[in-house]
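The values are calculated or read from the model by the stated rules, or taken from the named source; none is laboratory data. Since we're looking at a predicted model, the values are computed, not measured. Methodologically, a virtual Cβ is constructed for each residue, glycine included, from the backbone with ideal geometry; neighbour enumeration extends over all protein chains shown.
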Amino acid sequence: MIKLKNINKQFHKNHVLKGIDLDVEKGDVLVIVGPSGSGKTTLLRCINYLERPDDGSITIDGFTVQGKHPSKRDVLALRRKTAMVFQHYNLFKNKTVLENVMEGLVVAQKIPKKEAKEISISLLEKVGLAEKVNEYPSQLSGGQQQRVGIARALALNPSVILFDEPTSALDPEMVGEVLAIIKQIANEGITMVVVTHEIDFAREVANRVVFMDGGHIIEQGSPEEVLVHPQHERTKRFLKRLVKEPDFAI
Amino acid sequence: MIKLKNINKQFHKNHVLKGIDLDVEKGDVLVIVGPSGSGKTTLLRCINYLERPDDGSITIDGFTVQGKHPSKRDVLALRRKTAMVFQHYNLFKNKTVLENVMEGLVVAQKIPKKEAKEISISLLEKVGLAEKVNEYPSQLSGGQQQRVGIARALALNPSVILFDEPTSALDPEMVGEVLAIIKQIANEGITMVVVTHEIDFAREVANRVVFMDGGHIIEQGSPEEVLVHPQHERTKRFLKRLVKEPDFAI
Amino acid sequence: MSSGLAGWVDLFIKVLEKLPLTLLMLGLSLFFSIILGVFVAIIRIQKQPVLYQIATFYLSFTRCTPLLVQLFLVYFGLPQLLLIFHIDINSWDRLVFLVIAFSFHTAAYLSEVFRSAYLAVGRDQLEAAYSVGMSYPQALIRIILPQAFVVSLPNLGNNIIELLKDTSLAFTIGIIDIMGQVRIILGNNHGMGMFQIYVVISLVYWGTCILIESVIGYLEKIFKKGRVSLSRQ
Amino acid sequence: SGKEDDGKQVVKVAISDEVNPPFLYADENNEPIGYDMDYMKEVEKKLPDYKFEYIWGEEESNLVGVDTGKYDLAINWFFKNPERQEKFLYPEHEFGYSLTSLVTKKDRDDIKTLDDMVGKKFPPVSPSGGLRAILNAYNEKHSDNPLTLESMESPSNAENLKMVDKGKADAMFINVTTFNEIQKELDLDLKVGGIVSKEPIWTVYNKDNAELAKEIDNVTAELIEDGTLSKLAEKWFGVDFFQDLEYINEEGFNFEK
Amino acid sequence: MSIINLEFALEQFPEVLKGVPATLAIAVVAMIFGLIFGLLIALCRIYKMPVLNRFFILYISFIRGTPLLVQLYVFFYGVPVLLEFLNEQMGTNFDASNISPLIYAFVAYTLNTSAYQAEIFRSSINAINAGQMEAAHAVGMTTAQGMWRIILPQAFVVALPNLGNTFIGLIKATSLAFAVKVVEIMAIAKIIANDGYRFLEMYLVASLIYWVISWVFEVLFAAAEKKMRRYEERIEGEAA
Ligand SMILES: Nc1ncnc2c1ncn2[C@@H]1O[C@H](COP(=O)(O)OP(=O)(O)OP(=O)(O)O)[C@@H](O)[C@H]1O
Ligand SMILES: Nc1ncnc2c1ncn2[C@@H]1O[C@H](COP(=O)(O)OP(=O)(O)OP(=O)(O)O)[C@@H](O)[C@H]1O
Ligand SMILES: [Mg+2]
Ligand SMILES: [Mg+2]
């Protein structure tokens, strides 16, 4: 379903992705974990070409976009196969909650307004925002914004959904709901890539886990393999969540 | 240390805080948990008067700010006693990482530049950002930005620090570090109010926990009492993190 | 008038001799109007009771009536008014009146430029400044204005260039600037050689404008640090 | 108005930037010269209590300045009409004359007076200035059968003459001096079709300035009397325009420097 | 002595009002076309379109750098010459004298204001967070769709006060059109003033008319801004 080959990305002198190869099967829920700054977001953004990789190719659903200078049409086609939940939500500030969710359906997918509205409202209800449909993003709490972002991505019903820390602002209750939703749409054959740092969540939602550090994929496998019995020293250290004694004073 | 009396706040018709009373002792780490949209952020913002409460009074360190129309000087004095880590980081976009941390020291506290720089750099090292001191916020990953926000608040060395979901973008490793830092500064007698939805984190860091829902404080007590043996039905439901069967289709 | 090369050069030199004066008027007026403009913008943003009404009235009057009329008001009207209070400012240099009139005029336009830029910066930056203990003026100077400045630069450029061209009104009250020089030459020639003279004056203005644009462009480059353009790809 | 300065009283004289040699124009250093200036200097000589200070400005601005008392008087070829006399103080004696004419193509003889121009085309005319005033006065008197006028901010005399030359307009209403001056440069196929009037030209004062106006007026009368102004006219125009029209036409009204 | 004769000023109002249509026509036509061209130019510059970017940098510089009066003259005197030349070369039969001065004014003012508006749009579009376009891309919009539906509505809010500046400036700048024979407010005022040298009165009348017209637009612009800013709610600076 998704096939990344030798993805490289540099910001000035900062080499953020160092030749990433990755395969994701249809219906997979691939979870990417890794320390802050390891390149998870950048990788996700490369998959739908929001970030232009310096090198490498991206294949989604049999459709390949090559290298550094693809045509606009190819990029658009790629993006229409994917949806994304942003780490910083990136809601449309000038649109209400409902319009945020409808926008892609109406404009990109040309679904009639009425139908788009129905889809959107049912999804917003699902994430607990039925009351907020007519508010603007600036009037929402952090968690509410994140849920709008999730609803917006789900509404598109694409082949692939990319989640960048979709539960970072959510309380345990909501995390449960999101977990349920993801599992259910995975059953419907939608492929998902989820970046998260909530290990429990990762364990429950994933059927494959990738551990990244410093722009490399260090380790991958089943959630059990990577998260419970990691092989690499780095992964072990990452997962060992311990309270160190503080050694500094402010 | 902090004393809130009958804090009320309405956004148009949305009554978000419904007469909150709260006492926090010096050196306490008070954790606020609650569902998304329950008013946690709004409450935190009222404490340092970023949000103007419709009603009620705020006392910090013996200094009281009353009601709806306090003087500018009072508000400034209040703010100088507090520091805040924002849910959305709110870094100064036009300042580098180092400048972000130094800014309050130099401008508000009039600490000499050289000294301010030393303090800032040692804190940035502590949160693992030594390499990024000269980058701008737009060049940082989510977790990196959050850590700058934490360092910025810590640098001020105030009487009270307000944390709004300070670990939402952090990986388990970093969460451990932040936990250690918070514990250590609590020992130094700094009072902290932490909003978080990571229950494990809450349990480890808190010496008192408040559970909020719908603008009310539902329950408060030791972490053990509230998080492990909650009394109220609502709290119990909130903490029961279960995977429901999905009951909708997109 | 000779239209040979010597004629052109001669004309150029004559006009260029007046350029420093034009630049002086521009610089002084700009300096004061930026300060006043920021104040008016902030008053209007904060909606402080009486000040807001005054600022809004000032804005409306200054933007909506011809600059020439304002110049007359300051140059002819103000001294008359002050004479009532036995203050005689008639002996002041004409340049002073001109700078006063132009500063007030341009400040009105700049206040709108700054207001829109200020609002574009967003409240979260202000809140962050408050949270580290800054007062409003400190937040303004260190955080908000530097960011607003970048947003406002192209508009600032627009207005500086307008101001540059407005300085040509100086001649109505007898200050011989570059435009004044041109009018005298034209008059001496009964309007002959108009084409040649307008080419020269246009080139001089354009040259000055290019100078202003380069400075603005340079500032944009420096100040846009930390900002991401939406046309990144 | 005016103020003490080494014992003399300063008189502020506004001079117009719409310069028209040889009445008033600028030398290399932008200092005003011409007939008007020589006249003012003669006046100043005879009034030891005053010191004249000259200020360039746009004509409208100068009038506003006199109106508000910022300037004491303005000099240019101001014409007189009752409305203006209501607004400003005119002295009794004019200090010179402007000869207005209709300029046409050399091969036509049908246009000699303003009456001939009814229904014909003028090039665009400036909204202000003395020439415009004469045309307006004509139209007021003949409101049933007026001239057709098209207004334009500072039209170029040279361009306007070219229009007549190309047949795009029938005749231009212009001062003889100006026409001669331009003709020297352009040498168009044009001639003065007829002299329309000999217009006295004036200085104008603020109504509060009667005393100064009176003193200057007296001097002006003396200068006319003793032939000083006639000599100045000879110097700048090659003809004494204080004589009557026929004499002037014979002598040729010209500007030879 | 009263400097200003109010009675006279009052009498002249109806006459000067006859200049309002010309003023409004020029300002509105130039504003509308200026918006369109200005926006297109800004986009070419933001997206650094190969040749166009360079061309428009020059264009903006030239238009802003030279006096509007000169631009008016170039059209007014240049077009007839051009047509004459064309007629000679191509055997066509255009008659420049049939072109209404208003047309010259429309063209010159539109070109002029579009350069200024290009800069306004450039800055306001750049002020919008890049994440907004990314989000538009992520839901499958093309760049054009994202621009039109997401970025521009936000940028327009930022631009409005500056557009207001420009429009009001334009209203007053129409007085220059008198140089190409368009008789508008200021022109009529000057013509009347000259009869009795009553410049103060006529400037007063003209100023009041300009003020009233501009004020109406000021109010409209403020209302539009308020309406379009709805989504930002509490962004305004708080006194505390
Ligand atoms: N500026 C605002 N205008 C209108 N309503 C607002 C505004 N800010 C917050 N609200 C509303 O107030 C309620 C509480 O918001 P708040 O941000 O305090 O929630 P929270 O407990 O922090 O939630 P989360 O865990 O999702 O961050 C929400 O329903 C939100 O929609
Ligand atoms: N626009 C940019 N310009 C320069 N450097 C960047 C940019 N975006 C990201 N980086 C750098 O690339 C590295 C990887 O960033 P990325 O956002 O992919 O990390 P991440 O794994 O998502 O981290 P987090 O868990 O903190 O979100 C970081 O070191 C960051 O500083
Ligand atoms: Mg990330
Ligand atoms: Mg919150």
Answer residue from segment B:230-242, given it is surrounded by 13 or more Cβ atoms within 10 Å (Cβ to Cβ) and at the interface with another protein chain (Cβ under 7 Å from one of its Cβ atoms) and is modelled with the lowest pLDDT among those: B:ARG241
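From C:ILE45, C:ILE54, C:ILE13, C:ILE87, grab the single residue that is over 17 Å from the mean Cα position of the chain (by Cα), of a type in the set (A, V, I, L, M, F, W, C) and outside any helix (DSSP H, G or I). Spell out the reasoning first.
Values: C:ILE45 fails: outside any helix (DSSP H, G or I); C:ILE54 fails: outside any helix (DSSP H, G or I); C:ILE13 fails: outside any helix (DSSP H, G or I).
Just one listed residue meets the conditions, C:ILE87.
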Only residues that are basic (Lys, Arg) and either in contact with a strand residue (DSSP E or B) (Cβ under 8 Å, 6 or more places away or on another chain) or touching a residue at least 24 places away in the same chain (Cβ under 8 Å) (or both): list them for segment A:10-31, please. A:LYS18, A:LYS26
I need the full set of residues from segment A:54-110 which are over 14 Å from E:GLU134 (Cβ atoms) and β-branched (Val, Ile, Thr), in order please. A:ILE58, A:THR59, A:ILE60, A:THR64, A:VAL65, A:THR96, A:VAL97, A:VAL101, A:VAL106, A:VAL107
Evaluation of B:GLU125 against (1) within 9 Å of chain A (Cβ to nearest Cβ); (2) in contact with a helix residue (DSSP H, G or I) (Cβ under 7 Å, 6 or more places away or on another chain); (3) free of Cβ contacts under 8 Å to residues at least 60 places away in the same chain (one fails), failing number: (2)
Going through segment A:217-228 one residue at a time, which ones are within 19 Å of A:LEU43 (Cα to Cα) and under 18 Å from the mean Cα position of the chain (by Cα)? A:ILE217, A:GLN220
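State whether one or more residues within segment D:38-48 are in a strand (DSSP E or B), within 21 Å of the chain's Cα centre (by Cα), more than 9 Å from every other protein chain (Cβ to nearest Cβ) and surrounded by 20 or more Cβ atoms within 10 Å (Cβ to Cβ). Give the steps one after another, and end with the answer.
From segment D:38-48, those in a strand (DSSP E or B) are none; that's our starting set.
No, the conditions are met nowhere in segment D:38-48.
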Testing B:MET192 on (1) within 16 Å of ligand 4 (Cβ to nearest atom); (2) not in a helix (DSSP H, G or I), one condition comes back false. Which one is that? (1)
Condition check for A:GLU165: crowded, with 17+ Cβ neighbours inside 10 Å and without any contact (Cβ under 8 Å) to a residue 40 or more places away in the chain: no
Selection from segment E:173-182 of residues crowded, with 24+ Cβ neighbours inside 10 Å and in a helix (DSSP H, G or I) yields E:THR174, E:ALA177, E:PHE178
Tell me, yes or no, whether segment A:30-53 has at least one residue that is away from ligand 4 (no atom under 16 Å from the Cβ), more than 30 Å from B:GLU131 (Cβ to Cβ) and within 15 Å of the chain's Cα centre (by Cα). no
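Answer yes or no as to whether A:PHE92 is closer than 15 Å to A:ASN48 by Cα, surrounded by 15 or more Cβ atoms within 10 Å (Cβ to Cβ) and among the hydrophobic types (A, V, I, L, M, F, W, C). So that I can check it myself, show each step before the final result.
Details: closer than 15 Å to A:ASN48 by Cα: no; surrounded by 15 or more Cβ atoms within 10 Å (Cβ to Cβ): yes; among the hydrophobic types (A, V, I, L, M, F, W, C): yes.
It is false that A:PHE92 is closer than 15 Å to A:ASN48 by Cα, surrounded by 15 or more Cβ atoms within 10 Å (Cβ to Cβ) and among the hydrophobic types (A, V, I, L, M, F, W, C).
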Name the single residue, out of those in segment B:105-134 being within 16 Å of ligand 2 (Cβ to nearest atom) and under 28 Å from C:PRO137 (Cβ atoms), that is farthest from the chain's Cα centre (by Cα). B:ASN134
Please determine, by comparing only the residues of segment A:32-51 that are touching a strand residue (DSSP E or B) at 6+ places or on another chain (Cβ under 9 Å) and of a type in the set (Ser, Thr, Tyr), which one is nearest to ligand 1 (Cβ to nearest atom). A:THR41
Quick one: which of A:GLY67, A:GLY62, A:GLY27 is more than 16 Å from ligand 3 (Cβ to nearest atom), over 28 Å from A:VAL205 (Cα atoms) and of a type outside the set (Asp, Glu)? A:GLY67
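Given B:ARG237, B:ARG147, B:ARG152, which one is among the charged types (D, E, K, R) and touching a residue at least 40 places away in the same chain (Cβ under 8 Å)?
Numbers: B:ARG237 fails: touching a residue at least 40 places away in the same chain (Cβ under 8 Å); B:ARG147 fails: touching a residue at least 40 places away in the same chain (Cβ under 8 Å).
One residue alone meets the criteria, B:ARG152.
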When you scan segment B:19-29, do you find a residue that is closer than 18 Å to B:GLY215 by Cα and within 16 Å of ligand 4 (Cβ to nearest atom), even just one? yes
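Residues that are surrounded by 14 or more Cβ atoms within 10 Å (Cβ to Cβ) and charged (D, E, K, R): find the helices (runs of 4 or more DSSP H) completely inside segment E:74-147 holding 1 or more of those. Before the answer, list the steps.
Numbers: elements: E:101-126, E:130-138, E:143-146.
Where helices (runs of 4 or more DSSP H) fall fully within segment E:74-147 and carry at least 1 residues being surrounded by 14 or more Cβ atoms within 10 Å (Cβ to Cβ) and charged (D, E, K, R), they are E:101-126, E:130-138.
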Considering only residues that are in contact (Cβ under 8 Å) with a residue 60 or more places away in the chain and not in a loop (DSSP other than H, G, I, E, B), which ones fall in segment D:161-171? D:VAL164, D:ASP165
Across segment D:162-184, what is the number of residues that are within 14 Å of chain C (Cβ to nearest Cβ) and within 24 Å of D:PHE241 (Cα to Cα)? 12
Condition test on B:SER168, is it under 30 Å from B:MET102 (Cβ atoms), modelled with pLDDT under 95 and either touching a helix residue (DSSP H, G or I) at 6+ places or on another chain (Cβ under 8 Å) or within 16 Å of ligand 1 (Cβ to nearest atom) (or both)? yes
Top-ranked residue in segment B:142-188 [being within 15 Å of ligand 3 (Cβ to nearest atom) and not in a helix (DSSP H, G or I); ranked as farthest from C:VAL132 (Cα to Cα)]: B:ASP171
Residues of segment B:199-211 satisfying the condition of being in contact with a Pro (Cβ under 9 Å, 6 or more places away or on another chain) and surrounded by fewer than 22 Cβ atoms within 10 Å (Cβ to Cβ): B:ILE199, B:ALA202, B:ARG203, B:GLU204, B:ASN207, B:ARG208
Scanning segment A:134-169 residue by residue, those within 7 Å of chain B (Cβ to nearest Cβ) and within 12 Å of ligand 4 (Cβ to nearest atom) turn out to be A:SER141, A:GLY142, A:GLY143, A:GLN144, A:SER168, A:ALA169
Does segment A:170-184 hold any residues that are aliphatic (A, V, I, L, M), away from ligand 4 (no atom under 15 Å from the Cβ), in contact (Cβ under 8 Å) with a residue 40 or more places away in the chain and facing another protein chain (nearest Cβ under 8 Å), and which are they? A:ILE181
Out of E:LEU170, E:LEU152, sole residue that is more than 13 Å from the chain's Cα centre (by Cα) and more than 7 Å from every other protein chain (Cβ to nearest Cβ): E:LEU152
Failed item, numbered, when D:ILE174 is tested on (1) in a loop (DSSP other than H, G, I, E, B); (2) buried (at least 20 other Cβ atoms within 10 Å of the Cβ): (1)
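Each row is one residue, and each column tells you yes or no for (1) aromatic (Phe, Trp, Tyr); (2) at positive phi; (3) surrounded by fewer than 20 Cβ atoms within 10 Å (Cβ to Cβ); (4) modelled with pLDDT of 90 or more.
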site	(1), (2), (3), (4)
D:SER98	no, no, no, no
D:THR104	no, no, no, yes
D:VAL125	no, no, no, no
D:GLU140	no, no, yes, no
